[in-house]
Amino acid sequence: MPRLSSSDRKILAITGIAFVLLVVLGLLLAPASNETESATTYSSASRGAKAGFLLLQQLGYNVQRWERPHTELKPDAHTVLIIADSFTVPDAREKAAVAKFIEGGGRVITNGTSGAMFLPKDSSEDNPEPAGLSKQYDSLSPSAATRAAPKITLIPYAFWSKSSAIGLYGDKDHTYAAQLSVGQGDAIWLASATPFTNAGIQAQGNLEFVLAALGNKDNTRVLFDEYVHGYGAEDSPSGHGHSLTNALLLQSALLGLAAFLTFSRRSGPLRPVPPASRLAPLEFVETLGGLYQQAHAAAVAVDVYYQRFHYWITRRLGLNKSATPEEIARAVRDRWDIKDDAFQGALLAAAAARYQPDLPQKHALEIVQKLHDYAVQFKLFPKEKA
């Protein structure tokens, strides 16, 4: 195999440098998927829920991530579904599936006005001016959750406005946590997902409330809904490492192919350059014009140019090849919004001049010049390569 020339070595060096830059940029610009500001179990940010997810696992709970549509939920009296900080609005089928899940004995814990949309009854309202970032609220009625946690800490983004549910926590003005019974199951609504977040689970009463709301760990399955955060089974962050690896391999393959094609092109067989034409383009035009002049064939020259003009304008307009001048003028006016009364006259004159053997040369030149001006205006003819 022949040794590489200096120019080939330069190409390979540039390709290697470009590959390294692509890898570095890919690593630097890759989004930090675990830092999203929502209560997702994939996030370790303050508003994420990764700490609570791992803590429940350590405490012995059967904790899983739910990354499937809600229509696949099966009613189960020992399953708790946590819909925290939902990004999506449920449609009728999803809402009916969640209601069926609750009626069959399941429990749903959700928050905010977006989470309340999943419940059979929605009496939540936005709180336009929440007082402070977070606040402690006292229990309003006796229940398993309020006995375990007499106070919890919430951010009052919303409140429950009607008496369609049992108030769990709040103040004299609003209810910020409520419990709704439906069929054999129930739902717990919160003003915010604070008790499940990495920062909020450490606040007074929040962990006790979460454990009481989940129930007995020995026979309870806890599902953290990640489908509402945009994650499907194929989109979970656990598969992002494989995606990055596949992207890097694809970039490497493309760069290698580019280097191979460049080297093979430079090392391929040489082909002779086509011989230049004996006549320059301008000489050819002058020769052809002289022939038409000697033969007094001005009508033929008009016919040649009109046929070319007719071919390109009907092609651009999508008209039939046998379109008349009137049809072409009408299409130009309707489709291109070009109102030029002289255009139809120029077409009719060119079409008629083709059949006049004694057409004066001056008149033929005027007709061709008008058609050429319209061809430039409409940008009909493709640009020829130099």
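The set of residues from the stretch 305-350 being in contact with a Lys or Arg (Cβ under 8 Å, 6 or more places away or on another chain) and among the β-branched types (Val, Ile, Thr) comprises just one member, Thr314. When each of Ala213, Ala193 is tested for being among the aliphatic types (A, V, I, L, M), in contact with a Gly (Cβ under 9 Å, 6 or more places away or on another chain) and within 26 Å of His78 (Cβ to Cβ), the lone residue that passes is Ala193.
Each residue in the stretch 72-87 was checked for being under 26 Å from Asn198 (Cβ atoms) and either without any contact (Cβ under 8 Å) to a residue 60 or more places away in the chain or surrounded by fewer than 17 Cβ atoms within 10 Å (Cβ to Cβ) (or both), and 1 of them qualify. From the list Gly167, Gly105, Gly185, the lone residue that is more than 31 Å from the chain's Cα centre (by Cα), assigned by TED's automatic domain parsing to the domain that holds Thr71 and at positive phi is Gly105.
Being surrounded by 15 or more Cβ atoms within 10 Å (Cβ to Cβ) and over 24 Å from Thr41 (Cβ atoms) is a property that Lys151 has.
Counting only residues that are under 50 Å from the mean Cα position of the chain (by Cα) and within 13 Å of Tyr306 (Cβ to Cβ), which one in the stretch 333-368 is surrounded by the fewest Cβ atoms within 10 Å (Cβ to Cβ)? Before you say what the answer is, go through the steps one by one.
Filtering the stretch 333-368 down to residues under 50 Å from the mean Cα position of the chain (by Cα) leaves 333-344, 346-347.
Among the residues that remain, those that are also within 13 Å of Tyr306 (Cβ to Cβ) are: 346-347.
On the way: Ala346: 20, Leu347: 25.
Looking at the filtered set, the residue picked out is Ala346.
For (1) hydroxyl-bearing (Ser, Thr, Tyr); (2) at pLDDT 90 or above; (3) crowded, with 23+ Cβ neighbours inside 10 Å; (4) not in a loop (DSSP other than H, G, I, E, B), each residue gets a yes or a no:
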| position | (1), (2), (3), (4) |
| --- | --- |
| Val89 | no, no, no, no |
| Val108 | no, yes, yes, yes |
| Ser114 | yes, yes, no, yes |
| Pro128 | no, no, no, no |
| Gly132 | no, no, no, no |
| Asp138 | no, yes, no, yes |
| Arg147 | no, yes, no, yes |
| Ala178 | no, yes, yes, yes |
| Gln204 | no, no, no, no |
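Scanning the stretch 35-70 for residues that are over 15 Å from Val222 (Cβ atoms), out of contact with any Ser or Thr (no Cβ under 8 Å at 6 or more places or on another chain) and surrounded by fewer than 22 Cβ atoms within 10 Å (Cβ to Cβ) gives Ser38, Ser44, Arg68, Pro69.
The values are calculated or read from the model by the stated rules, or taken from the named source; none is laboratory data. Keep in mind that this is a model prediction, so the values were computed, not measured. Using ideal geometry, Cβ is built from the backbone for each residue, glycine included, and neighbour counts are taken over all protein chains shown.
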